[in-house]
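The values are calculated or read from the model by the stated rules, or taken from the named source; none is laboratory data. These figures come from a predicted structure and were not determined experimentally. All Cβ positions, even for glycine, are placed from backbone atoms using ideal geometry, and neighbour counts span all protein chains on display.
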Amino acid sequence: DPMAGILPSLEDLLFYTIAGGAEKIPAHKFTTALKATGLRTGDPRLKECMENLKVIMKTTSDGNLDRHLFKKCVQSNIVLLTQAFRKKFVIPDFVSFASEIDALYENAKNLGGGQVADYIPQLARFSPDLWAVSICTVDGQRHTAGDTKVPFCLQSCVKPLKYAIAVNDHGTEYVHRFIGKEPSGLRFNKLFLNEEGERNEYVGFSNATFQSERESGDRNFAIGYYLKEKKCFPEGTDMTSILDLYFQLCSIEVTCESASVMAATLANGGFCPITGERVLGPEAVRNTLSLMHSCGMYDFSGQFAFHVGLPAKSGVAGGILLVVPNVMGIMCWSPPLDKLGNSVRGIQFCTDLVSLCNFHNYDNLKHFVKKLDPRREGGDQRVKSVINLLFAAYTGDVSALRRFALSSMDMEQRDYDSRTALHVAAAEGHVEVVKFLLEACRVNPVPKDRWGNTPMEEAVHFGHHDVVTMLQDYNNKYSPPGGATEDKEKEISEKNIDGLL
Ligand code: GLU
(Lines give C-alpha, C1' and ligand atoms only; values in the text may rest on other atoms or scores of the structure.)
Protein backbone atom coordinates (compact mmCIF):
# COMPACT_ATOMS: atom_id res chain seq x y z
CA ASP A 1 0.00 0.00 0.00
CA PRO A 2 1.74 3.17 -1.21
CA MET A 3 -0.22 5.29 1.26
CA ALA A 4 0.93 3.28 4.26
CA GLY A 5 3.31 5.37 6.26
CA ILE A 6 1.96 8.56 4.73
CA LEU A 7 -1.47 8.69 6.27
CA PRO A 8 -1.38 7.98 9.98
CA SER A 9 -3.59 5.13 11.13
CA LEU A 10 -6.27 5.58 13.78
CA GLU A 11 -3.91 3.83 16.19
CA ASP A 12 -1.18 6.38 15.43
CA LEU A 13 -3.57 9.28 15.87
CA LEU A 14 -4.65 7.87 19.19
CA PHE A 15 -1.02 7.41 20.19
CA TYR A 16 -0.21 11.06 19.44
CA THR A 17 -3.33 12.23 21.27
CA ILE A 18 -2.39 10.41 24.45
CA ALA A 19 1.40 10.70 24.23
CA GLY A 20 1.28 14.47 23.76
CA GLY A 21 4.65 14.57 21.99
CA ALA A 22 6.43 11.88 24.00
CA GLU A 23 7.97 8.78 22.41
CA LYS A 24 6.34 6.36 24.78
CA ILE A 25 3.16 6.16 26.81
CA PRO A 26 3.43 4.80 30.35
CA ALA A 27 0.66 2.21 30.82
CA HIS A 28 -0.79 4.08 33.78
CA LYS A 29 -0.99 7.23 31.70
CA PHE A 30 -3.06 5.34 29.16
CA THR A 31 -5.48 3.96 31.76
CA THR A 32 -5.75 7.35 33.46
CA ALA A 33 -6.56 9.02 30.15
CA LEU A 34 -9.06 6.26 29.46
CA LYS A 35 -10.86 6.80 32.75
CA ALA A 36 -11.09 10.52 32.04
CA THR A 37 -13.31 9.71 29.05
CA GLY A 38 -15.68 7.89 31.41
CA LEU A 39 -14.74 4.41 30.22
CA ARG A 40 -13.75 1.80 32.75
CA THR A 41 -10.91 -0.60 32.28
CA GLY A 42 -13.39 -3.37 33.16
CA ASP A 43 -15.76 -2.39 30.35
CA PRO A 44 -16.62 -5.56 28.39
CA ARG A 45 -16.12 -3.62 25.17
CA LEU A 46 -12.44 -3.13 26.08
CA LYS A 47 -11.78 -6.72 27.03
CA GLU A 48 -9.26 -7.42 24.23
CA CYS A 49 -7.40 -4.18 24.79
CA MET A 50 -7.04 -4.80 28.51
CA GLU A 51 -5.96 -8.40 27.98
CA ASN A 52 -3.33 -7.26 25.48
CA LEU A 53 -2.17 -4.62 27.91
CA LYS A 54 -1.74 -7.21 30.63
CA VAL A 55 0.32 -9.44 28.36
CA ILE A 56 2.45 -6.55 27.12
CA MET A 57 3.08 -5.35 30.66
CA LYS A 58 4.61 -8.71 31.50
CA THR A 59 7.09 -8.41 28.66
CA THR A 60 8.21 -4.77 28.93
CA SER A 61 10.73 -3.86 31.58
CA ASP A 62 9.66 -0.26 32.18
CA GLY A 63 5.87 -0.42 31.73
CA ASN A 64 6.04 1.96 28.78
CA LEU A 65 4.25 1.56 25.48
CA ASP A 66 6.01 2.67 22.33
CA ARG A 67 4.04 3.21 19.14
CA HIS A 68 4.29 -0.39 18.12
CA LEU A 69 3.24 -1.85 21.47
CA PHE A 70 0.49 0.72 21.82
CA LYS A 71 -0.91 -0.26 18.44
CA LYS A 72 -0.88 -3.92 19.41
CA CYS A 73 -2.73 -3.06 22.56
CA VAL A 74 -5.50 -0.87 21.15
CA GLN A 75 -6.17 -2.24 17.70
CA SER A 76 -8.94 -4.69 18.58
CA ASN A 77 -11.01 -1.96 20.25
CA ILE A 78 -9.89 0.99 18.15
CA VAL A 79 -13.36 2.19 17.15
CA LEU A 80 -14.60 2.65 20.70
CA LEU A 81 -11.29 4.13 21.84
CA THR A 82 -11.19 6.62 18.98
CA GLN A 83 -14.75 7.67 19.73
CA ALA A 84 -13.85 8.15 23.37
CA PHE A 85 -10.74 10.24 22.81
CA ARG A 86 -12.29 12.32 20.07
CA LYS A 87 -14.95 13.30 22.58
CA LYS A 88 -17.73 11.72 20.58
CA PHE A 89 -19.54 10.36 23.62
CA VAL A 90 -22.83 11.83 24.79
CA ILE A 91 -21.07 13.65 27.63
CA PRO A 92 -17.92 14.91 25.90
CA ASP A 93 -16.34 16.53 28.93
CA PHE A 94 -16.90 13.72 31.36
CA VAL A 95 -14.41 14.83 33.99
CA SER A 96 -16.16 18.12 34.65
CA PHE A 97 -19.57 16.52 34.56
CA ALA A 98 -18.41 13.94 37.11
CA SER A 99 -17.22 16.69 39.41
CA GLU A 100 -20.61 18.38 39.14
CA ILE A 101 -22.20 15.08 40.15
CA ASP A 102 -19.83 14.84 43.11
CA ALA A 103 -20.87 18.30 44.24
CA LEU A 104 -24.55 17.34 44.10
CA TYR A 105 -23.74 14.15 45.97
CA GLU A 106 -21.99 16.11 48.73
CA ASN A 107 -24.84 18.56 48.96
CA ALA A 108 -27.39 15.81 49.62
CA LYS A 109 -25.06 13.95 51.96
CA ASN A 110 -25.58 16.52 54.71
CA LEU A 111 -29.33 16.09 54.67
CA GLY A 112 -30.79 14.56 57.81
CA GLY A 113 -34.34 13.43 58.38
CA GLY A 114 -36.41 10.58 57.03
CA GLN A 115 -37.04 7.10 58.35
CA VAL A 116 -35.36 3.87 57.34
CA ALA A 117 -38.09 1.30 56.52
CA ASP A 118 -38.43 -1.13 59.44
CA TYR A 119 -41.33 -3.43 58.55
CA ILE A 120 -38.79 -6.22 57.93
CA PRO A 121 -35.43 -6.71 59.69
CA GLN A 122 -33.50 -6.89 56.40
CA LEU A 123 -34.34 -3.25 55.76
CA ALA A 124 -34.27 -2.00 59.35
CA ARG A 125 -30.60 -2.93 59.70
CA PHE A 126 -29.39 -0.35 57.15
CA SER A 127 -27.53 2.67 58.47
CA PRO A 128 -29.29 5.97 57.73
CA ASP A 129 -25.92 7.35 56.64
CA LEU A 130 -25.64 5.16 53.57
CA TRP A 131 -25.72 7.27 50.42
CA ALA A 132 -24.67 6.46 46.88
CA VAL A 133 -25.10 7.77 43.35
CA SER A 134 -24.01 5.97 40.18
CA ILE A 135 -24.38 7.05 36.62
CA CYS A 136 -23.92 5.21 33.35
CA THR A 137 -24.37 7.05 30.07
CA VAL A 138 -25.77 5.59 26.87
CA ASP A 139 -22.14 5.32 25.71
CA GLY A 140 -21.18 3.42 28.84
CA GLN A 141 -19.37 6.27 30.61
CA ARG A 142 -19.42 5.53 34.32
CA HIS A 143 -19.16 7.55 37.48
CA THR A 144 -19.96 6.69 41.06
CA ALA A 145 -19.96 8.46 44.41
CA GLY A 146 -20.42 7.05 47.90
CA ASP A 147 -21.53 3.59 48.98
CA THR A 148 -21.99 2.31 45.48
CA LYS A 149 -20.87 -1.27 46.09
CA VAL A 150 -23.26 -2.13 48.94
CA PRO A 151 -25.97 -4.61 47.88
CA PHE A 152 -29.59 -3.65 48.52
CA CYS A 153 -32.94 -4.93 47.28
CA LEU A 154 -34.59 -3.34 44.30
CA GLN A 155 -38.04 -3.59 45.90
CA SER A 156 -40.38 -1.48 43.80
CA CYS A 157 -37.55 -0.31 41.55
CA VAL A 158 -37.90 -3.72 39.94
CA LYS A 159 -41.37 -2.89 38.68
CA PRO A 160 -40.40 -0.93 35.58
CA LEU A 161 -37.92 -3.67 34.72
CA LYS A 162 -40.36 -6.51 35.00
CA TYR A 163 -43.04 -4.48 33.23
CA ALA A 164 -40.62 -3.79 30.37
CA ILE A 165 -39.78 -7.47 30.08
CA ALA A 166 -43.47 -8.38 30.07
CA VAL A 167 -44.20 -5.96 27.25
CA ASN A 168 -41.07 -7.03 25.43
CA ASP A 169 -42.09 -10.69 25.59
CA HIS A 170 -45.86 -10.41 25.23
CA GLY A 171 -46.64 -7.06 23.60
CA THR A 172 -48.42 -3.99 24.90
CA GLU A 173 -51.88 -5.13 23.90
CA TYR A 174 -51.73 -8.42 25.77
CA VAL A 175 -50.14 -7.03 28.91
CA HIS A 176 -52.64 -4.21 29.15
CA ARG A 177 -55.55 -6.57 28.81
CA PHE A 178 -54.91 -7.42 32.44
CA ILE A 179 -53.50 -4.29 33.92
CA GLY A 180 -53.98 -0.59 33.82
CA LYS A 181 -50.60 0.54 34.93
CA GLU A 182 -48.88 -2.43 36.48
CA PRO A 183 -48.18 -5.93 35.17
CA SER A 184 -48.81 -9.00 37.28
CA GLY A 185 -45.23 -10.12 36.80
CA LEU A 186 -43.56 -12.41 34.37
CA ARG A 187 -40.24 -14.03 33.85
CA PHE A 188 -37.32 -11.93 34.94
CA ASN A 189 -34.25 -12.29 32.77
CA LYS A 190 -30.85 -12.13 34.26
CA LEU A 191 -29.80 -8.82 32.82
CA PHE A 192 -26.07 -8.62 33.18
CA LEU A 193 -23.47 -11.29 33.34
CA ASN A 194 -19.81 -10.53 33.15
CA GLU A 195 -17.03 -12.91 34.02
CA GLU A 196 -14.52 -10.49 35.40
CA GLY A 197 -14.10 -10.88 39.18
CA GLU A 198 -14.83 -7.71 41.08
CA ARG A 199 -15.92 -5.93 37.95
CA ASN A 200 -19.10 -7.94 37.81
CA GLU A 201 -22.26 -5.88 37.59
CA TYR A 202 -23.66 -7.30 40.78
CA VAL A 203 -27.11 -8.91 40.72
CA GLY A 204 -28.06 -11.12 43.63
CA PHE A 205 -31.05 -12.38 45.52
CA SER A 206 -31.90 -12.03 49.20
CA ASN A 207 -33.81 -15.11 50.26
CA ALA A 208 -34.22 -13.67 53.76
CA THR A 209 -35.93 -10.62 52.33
CA PHE A 210 -38.16 -12.82 50.20
CA GLN A 211 -39.28 -14.83 53.25
CA SER A 212 -39.89 -11.68 55.28
CA GLU A 213 -41.81 -10.01 52.50
CA ARG A 214 -44.01 -13.06 52.16
CA GLU A 215 -44.69 -13.17 55.88
CA SER A 216 -45.43 -9.48 56.22
CA GLY A 217 -47.22 -9.05 52.91
CA ASP A 218 -50.82 -9.13 54.12
CA ARG A 219 -51.70 -6.07 52.10
CA ASN A 220 -50.29 -7.65 48.97
CA PHE A 221 -52.30 -10.82 49.64
CA ALA A 222 -55.40 -8.69 50.12
CA ILE A 223 -54.83 -6.99 46.78
CA GLY A 224 -54.14 -10.37 45.19
CA TYR A 225 -57.41 -11.87 46.37
CA TYR A 226 -59.30 -8.76 45.36
CA LEU A 227 -57.87 -8.89 41.85
CA LYS A 228 -58.55 -12.61 41.67
CA GLU A 229 -62.17 -12.10 42.65
CA LYS A 230 -62.48 -9.45 39.93
CA LYS A 231 -60.97 -11.91 37.42
CA CYS A 232 -57.99 -9.70 36.64
CA PHE A 233 -55.53 -12.53 35.99
CA PRO A 234 -55.16 -14.59 32.84
CA GLU A 235 -57.09 -17.84 32.99
CA GLY A 236 -55.39 -20.61 34.93
CA THR A 237 -53.19 -18.27 36.97
CA ASP A 238 -52.27 -19.33 40.47
CA MET A 239 -52.49 -16.05 42.34
CA THR A 240 -50.36 -17.04 45.31
CA SER A 241 -47.50 -18.22 43.13
CA ILE A 242 -47.68 -14.91 41.25
CA LEU A 243 -47.37 -13.17 44.61
CA ASP A 244 -44.33 -15.30 45.37
CA LEU A 245 -42.79 -14.18 42.11
CA TYR A 246 -43.57 -10.59 43.04
CA PHE A 247 -41.88 -10.95 46.43
CA GLN A 248 -38.92 -12.63 44.78
CA LEU A 249 -38.57 -9.82 42.27
CA CYS A 250 -38.64 -7.27 45.10
CA SER A 251 -35.83 -9.25 46.75
CA ILE A 252 -33.44 -9.04 43.83
CA GLU A 253 -30.27 -7.41 45.02
CA VAL A 254 -28.24 -4.86 43.11
CA THR A 255 -25.61 -2.32 43.92
CA CYS A 256 -25.97 1.30 43.02
CA GLU A 257 -23.40 0.70 40.27
CA SER A 258 -25.09 -2.28 38.69
CA ALA A 259 -28.54 -0.68 38.85
CA SER A 260 -27.22 2.38 37.00
CA VAL A 261 -26.51 0.08 34.04
CA MET A 262 -30.13 -1.12 34.14
CA ALA A 263 -31.32 2.48 34.17
CA ALA A 264 -28.93 3.23 31.31
CA THR A 265 -30.43 0.36 29.31
CA LEU A 266 -33.81 2.12 29.63
CA ALA A 267 -32.15 5.40 28.64
CA ASN A 268 -30.61 3.68 25.62
CA GLY A 269 -33.73 2.28 23.97
CA GLY A 270 -33.29 -1.17 25.50
CA PHE A 271 -29.66 -1.74 24.50
CA CYS A 272 -27.26 -2.34 27.34
CA PRO A 273 -24.58 0.34 26.86
CA ILE A 274 -21.64 -1.73 28.04
CA THR A 275 -22.38 -5.02 26.32
CA GLY A 276 -24.29 -3.76 23.30
CA GLU A 277 -26.84 -6.47 23.98
CA ARG A 278 -30.43 -5.75 23.04
CA VAL A 279 -32.28 -6.47 26.27
CA LEU A 280 -35.62 -4.81 25.51
CA GLY A 281 -37.51 -3.63 22.47
CA PRO A 282 -38.18 0.07 21.84
CA GLU A 283 -41.90 -0.15 22.53
CA ALA A 284 -41.39 -1.85 25.88
CA VAL A 285 -38.91 0.86 26.85
CA ARG A 286 -41.15 3.70 25.74
CA ASN A 287 -44.16 2.33 27.61
CA THR A 288 -42.03 1.86 30.70
CA LEU A 289 -40.63 5.37 30.64
CA SER A 290 -44.12 6.80 30.14
CA LEU A 291 -45.45 4.95 33.20
CA MET A 292 -42.41 5.84 35.26
CA HIS A 293 -42.89 9.47 34.32
CA SER A 294 -46.50 9.53 35.46
CA CYS A 295 -46.50 7.15 38.40
CA GLY A 296 -43.03 6.10 39.51
CA MET A 297 -42.72 8.02 42.75
CA TYR A 298 -45.73 6.95 44.86
CA ASP A 299 -47.92 9.91 45.85
CA PHE A 300 -45.16 12.33 44.91
CA SER A 301 -45.37 11.34 41.24
CA GLY A 302 -47.21 14.44 40.08
CA GLN A 303 -44.82 16.78 41.84
CA PHE A 304 -41.82 14.84 40.63
CA ALA A 305 -43.05 14.93 37.03
CA PHE A 306 -43.57 18.66 37.41
CA HIS A 307 -40.31 19.63 39.10
CA VAL A 308 -37.89 17.00 37.83
CA GLY A 309 -39.61 16.05 34.59
CA LEU A 310 -37.82 12.72 34.21
CA PRO A 311 -38.98 9.09 34.42
CA ALA A 312 -38.01 7.54 37.75
CA LYS A 313 -38.95 4.69 40.07
CA SER A 314 -38.64 4.61 43.80
CA GLY A 315 -38.28 1.60 46.11
CA VAL A 316 -38.80 1.08 49.83
CA ALA A 317 -35.11 0.17 50.31
CA GLY A 318 -34.26 3.77 49.42
CA GLY A 319 -33.45 3.39 45.75
CA ILE A 320 -34.46 5.80 43.01
CA LEU A 321 -33.90 4.60 39.48
CA LEU A 322 -33.74 7.70 37.31
CA VAL A 323 -33.59 7.88 33.53
CA VAL A 324 -32.45 10.78 31.36
CA PRO A 325 -33.71 9.37 28.04
CA ASN A 326 -31.03 9.13 25.37
CA VAL A 327 -28.39 10.40 27.78
CA MET A 328 -27.89 8.32 30.92
CA GLY A 329 -29.24 6.11 33.65
CA ILE A 330 -28.80 7.06 37.29
CA MET A 331 -29.27 5.09 40.48
CA CYS A 332 -29.56 6.91 43.80
CA TRP A 333 -29.64 4.96 47.01
CA SER A 334 -30.06 6.12 50.58
CA PRO A 335 -32.33 4.28 53.05
CA PRO A 336 -34.01 7.16 54.95
CA LEU A 337 -37.43 7.78 53.39
CA ASP A 338 -39.66 10.83 53.54
CA LYS A 339 -43.35 10.66 54.49
CA LEU A 340 -44.35 9.64 50.97
CA GLY A 341 -41.82 6.80 50.91
CA ASN A 342 -39.13 8.33 48.70
CA SER A 343 -35.46 8.53 49.59
CA VAL A 344 -34.80 11.93 51.13
CA ARG A 345 -31.31 12.29 49.68
CA GLY A 346 -32.37 10.75 46.38
CA ILE A 347 -35.12 13.34 45.86
CA GLN A 348 -32.72 16.14 46.70
CA PHE A 349 -30.21 14.84 44.18
CA CYS A 350 -32.80 14.52 41.40
CA THR A 351 -34.09 18.02 42.05
CA ASP A 352 -30.58 19.50 42.16
CA LEU A 353 -29.57 17.68 38.99
CA VAL A 354 -32.39 19.24 37.03
CA SER A 355 -31.73 22.73 38.39
CA LEU A 356 -28.13 22.36 37.24
CA CYS A 357 -28.60 20.66 33.86
CA ASN A 358 -31.29 21.10 31.21
CA PHE A 359 -32.51 17.52 31.66
CA HIS A 360 -36.16 18.27 32.48
CA ASN A 361 -38.39 16.87 29.75
CA TYR A 362 -39.57 20.40 28.98
CA ASP A 363 -36.30 22.25 29.32
CA ASN A 364 -35.47 24.02 26.11
CA LEU A 365 -32.32 22.70 24.51
CA LYS A 366 -31.64 25.59 22.19
CA HIS A 367 -31.64 28.63 24.43
CA PHE A 368 -29.85 27.31 27.44
CA VAL A 369 -28.41 30.44 28.91
CA LYS A 370 -28.86 29.51 32.55
CA LYS A 371 -28.51 25.74 32.68
CA LEU A 372 -25.61 23.51 31.90
CA ASP A 373 -25.90 21.23 28.88
CA PRO A 374 -23.33 18.51 29.53
CA ARG A 375 -24.21 16.96 26.17
CA ARG A 376 -22.15 19.62 24.46
CA GLU A 377 -18.52 20.47 24.72
CA GLY A 378 -17.79 23.74 26.46
CA GLY A 379 -16.58 25.52 23.35
CA ASP A 380 -19.09 24.02 20.99
CA GLN A 381 -21.92 26.49 21.46
CA ARG A 382 -19.50 29.40 21.31
CA VAL A 383 -18.10 28.25 17.99
CA LYS A 384 -21.60 27.93 16.61
CA SER A 385 -22.54 31.38 17.76
CA VAL A 386 -19.45 33.01 16.18
CA ILE A 387 -20.29 31.32 12.91
CA ASN A 388 -23.88 32.57 13.01
CA LEU A 389 -22.79 36.05 13.97
CA LEU A 390 -20.16 36.41 11.24
CA PHE A 391 -22.46 34.88 8.66
CA ALA A 392 -25.16 37.43 9.44
CA ALA A 393 -22.58 40.22 9.17
CA TYR A 394 -21.31 38.78 5.90
CA THR A 395 -24.76 38.61 4.32
CA GLY A 396 -25.86 41.96 5.72
CA ASP A 397 -28.75 40.48 7.70
CA VAL A 398 -29.44 43.21 10.23
CA SER A 399 -32.59 41.58 11.56
CA ALA A 400 -30.66 38.43 12.49
CA LEU A 401 -28.07 40.59 14.22
CA ARG A 402 -30.79 42.35 16.14
CA ARG A 403 -32.11 38.99 17.35
CA PHE A 404 -28.65 37.89 18.40
CA ALA A 405 -28.10 41.11 20.33
CA LEU A 406 -31.45 40.74 22.07
CA SER A 407 -30.57 37.21 23.15
CA SER A 408 -27.49 38.61 24.91
CA MET A 409 -25.02 37.28 22.39
CA ASP A 410 -21.56 38.79 22.67
CA MET A 411 -21.44 40.91 19.51
CA GLU A 412 -17.66 41.32 19.75
CA GLN A 413 -16.87 37.62 19.48
CA ARG A 414 -13.90 36.74 17.33
CA ASP A 415 -13.38 33.82 15.00
CA TYR A 416 -10.23 31.75 14.57
CA ASP A 417 -8.55 34.65 12.77
CA SER A 418 -9.62 37.13 15.45
CA ARG A 419 -12.07 38.71 13.05
CA THR A 420 -15.21 40.35 14.37
CA ALA A 421 -18.64 40.96 12.84
CA LEU A 422 -17.53 44.57 12.32
CA HIS A 423 -14.51 43.47 10.26
CA VAL A 424 -16.68 41.33 8.04
CA ALA A 425 -19.44 43.91 7.59
CA ALA A 426 -16.88 46.63 6.80
CA ALA A 427 -15.12 44.45 4.25
CA GLU A 428 -18.43 43.59 2.60
CA GLY A 429 -19.66 47.18 2.61
CA HIS A 430 -22.81 46.57 4.64
CA VAL A 431 -23.40 50.08 5.97
CA GLU A 432 -26.55 49.21 7.91
CA VAL A 433 -24.76 46.40 9.72
CA VAL A 434 -21.81 48.63 10.57
CA LYS A 435 -24.19 51.28 11.87
CA PHE A 436 -26.08 48.77 13.99
CA LEU A 437 -22.92 47.27 15.47
CA LEU A 438 -21.48 50.67 16.30
CA GLU A 439 -24.49 52.58 17.49
CA ALA A 440 -26.78 49.97 18.96
CA CYS A 441 -24.28 47.39 20.14
CA ARG A 442 -21.43 49.82 20.83
CA VAL A 443 -18.86 47.29 19.80
CA ASN A 444 -15.20 48.20 19.90
CA PRO A 445 -14.72 50.19 16.65
CA VAL A 446 -11.01 49.38 16.29
CA PRO A 447 -10.49 45.65 16.91
CA LYS A 448 -7.47 44.10 15.22
CA ASP A 449 -7.60 40.76 13.46
CA ARG A 450 -4.67 38.35 13.38
CA TRP A 451 -3.03 40.32 10.58
CA GLY A 452 -3.39 43.54 12.55
CA ASN A 453 -6.19 44.92 10.35
CA THR A 454 -9.00 47.09 11.68
CA PRO A 455 -12.51 47.38 10.14
CA MET A 456 -11.52 50.80 8.83
CA GLU A 457 -8.61 49.29 6.93
CA GLU A 458 -10.93 46.64 5.52
CA ALA A 459 -13.39 49.26 4.28
CA VAL A 460 -10.58 51.30 2.69
CA HIS A 461 -9.07 48.22 1.10
CA PHE A 462 -12.33 47.16 -0.54
CA GLY A 463 -13.33 50.70 -1.50
CA HIS A 464 -16.48 51.04 0.62
CA HIS A 465 -16.42 54.80 1.07
CA ASP A 466 -19.74 55.06 2.88
CA VAL A 467 -18.45 52.64 5.50
CA VAL A 468 -15.18 54.55 5.80
CA THR A 469 -17.06 57.78 6.43
CA MET A 470 -19.29 56.18 9.03
CA LEU A 471 -16.34 54.69 10.92
CA GLN A 472 -14.49 57.99 10.81
CA ASP A 473 -17.46 59.93 12.16
CA TYR A 474 -17.93 57.40 14.90
CA ASN A 475 -14.27 57.38 15.88
CA ASN A 476 -14.13 61.17 15.96
CA LYS A 477 -17.20 61.32 18.13
CA TYR A 478 -15.81 58.88 20.68
CA SER A 479 -12.04 59.21 20.59
CA PRO A 480 -10.79 61.29 23.51
CA PRO A 481 -8.41 64.16 22.87
CA GLY A 482 -4.97 62.64 22.45
CA GLY A 483 -6.22 59.47 20.76
CA ALA A 484 -8.03 56.31 21.82
CA THR A 485 -6.34 54.31 24.51
CA GLU A 486 -6.89 50.60 25.06
CA ASP A 487 -8.97 51.43 28.12
CA LYS A 488 -11.18 53.78 26.22
CA GLU A 489 -11.74 51.12 23.58
CA LYS A 490 -12.76 48.70 26.23
CA GLU A 491 -15.06 51.16 27.90
CA ILE A 492 -16.85 51.79 24.65
CA SER A 493 -17.23 48.11 24.01
CA GLU A 494 -18.55 47.40 27.47
CA LYS A 495 -21.53 49.62 26.89
CA ASN A 496 -22.46 46.93 24.38
CA ILE A 497 -26.14 46.18 24.24
CA ASP A 498 -27.23 47.95 27.39
CA GLY A 499 -28.11 50.89 25.22
CA LEU A 500 -30.36 48.65 23.16
CA LEU A 501 -32.69 47.55 25.91
N1 GLU B 1 -42.16 -5.27 49.05
C2 GLU B 1 -42.81 -4.03 49.06
C3 GLU B 1 -44.32 -4.19 48.94
O4 GLU B 1 -44.85 -4.53 47.91
C5 GLU B 1 -42.29 -3.14 48.00
C6 GLU B 1 -42.55 -1.77 48.43
C7 GLU B 1 -41.90 -0.74 47.58
O8 GLU B 1 -40.70 -0.80 47.34
O9 GLU B 1 -42.62 0.18 47.19
O10 GLU B 1 -45.00 -4.01 49.90
ask   = Quick one: ALA222 ticks every box in (1) within 15 Å of the ligand (Cβ to nearest atom); (2) in contact with a helix residue (DSSP H, G or I) (Cβ under 9 Å, 6 or more places away or on another chain) bar one, so which box is it?
value = (2)
ask   = Can you name the residue in the range 246-287 that is closer than 13 Å to VAL324 by Cα and among the polar types (S, T, N, Q) and, of all such residues, is surrounded by the most Cβ atoms within 10 Å (Cβ to Cβ)?
value = SER260
inquiry  = Could you list, ordered by first residue, the pairs with Cβ atoms under 7 Å in which the first is in the range 206-222 and charged (D, E, K, R) and the second is within 11 Å of the ligand (Cβ to nearest atom), at least 6 apart or interchain?
reply    = GLU213/ILE120; GLU213/PHE247; GLU213/CYS250; GLU213/SER251; ARG214/PHE247
Matching residues in the range 428-455 - criterion: being of a type in the set (A, V, I, L, M), part of a helix (DSSP H, G or I) and either buried (at least 19 other Cβ atoms within 10 Å of the Cβ) or touching an Asp or Glu at 6+ places or on another chain (Cβ under 8 Å) (or both) = VAL431, VAL433, VAL434, LEU437, LEU438
key: Members of the range 454-477 found to be out of contact with any Pro (no Cβ under 8 Å at 6 or more places or on another chain) and of a type in the set (Phe, Trp, Tyr), listed by number   = PHE462
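Here's the yes/no breakdown for (1) under 30 Å from ILE347 (Cβ atoms); (2) crowded, with 16+ Cβ neighbours inside 10 Å:
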position	(1), (2)
ASP43	no, yes
LYS54	no, no
SER61	no, no
SER76	no, no
GLN83	no, no
SER99	yes, no
task = Go through GLU195, GLU182 for me and flag whichever is within 12 Å of the ligand (Cβ to nearest atom), under 35 Å from the mean Cα position of the chain (by Cα), assigned to a loop (DSSP other than H, G, I, E, B) and at pLDDT below 95.
result = GLU182
The range 317-332, residues that are more than 12 Å from PRO160 (Cβ to Cβ) and either hydroxyl-bearing (Ser, Thr, Tyr) or surrounded by 23 or more Cβ atoms within 10 Å (Cβ to Cβ) (or both) = ALA317, GLY318, VAL324, MET328, ILE330, MET331, CYS332
query = Within the range 246-254, can one find any residue that is under 30 Å from SER134 (Cα atoms), acidic (Asp, Glu), within 16 Å of the ligand (Cβ to nearest atom) and in contact (Cβ under 8 Å) with a residue 12 or more places away in the chain?
reply = yes
note = Of the residues in the range 198-216, those that are within 31 Å of the chain's Cα centre (by Cα), at pLDDT 95 or above and surrounded by fewer than 17 Cβ atoms within 10 Å (Cβ to Cβ) number 2
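Matching residues to (1) β-branched (Val, Ile, Thr); (2) within 30 Å of LEU289 (Cβ to Cβ):
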site: SER355; (1), (2): no, yes
site: PRO374; (1), (2): no, yes
site: LEU401; (1), (2): no, no
site: GLY429; (1), (2): no, no
site: VAL443; (1), (2): yes, no
site: ASP466; (1), (2): no, no
note = Among (1) within 30 Å of ARG278 (Cα to Cα); (2) out of contact with any strand residue (DSSP E or B) (no Cβ under 7 Å at 6 or more places or on another chain); (3) away from the ligand (no atom under 13 Å from the Cβ), LYS228 falls short only on (1)
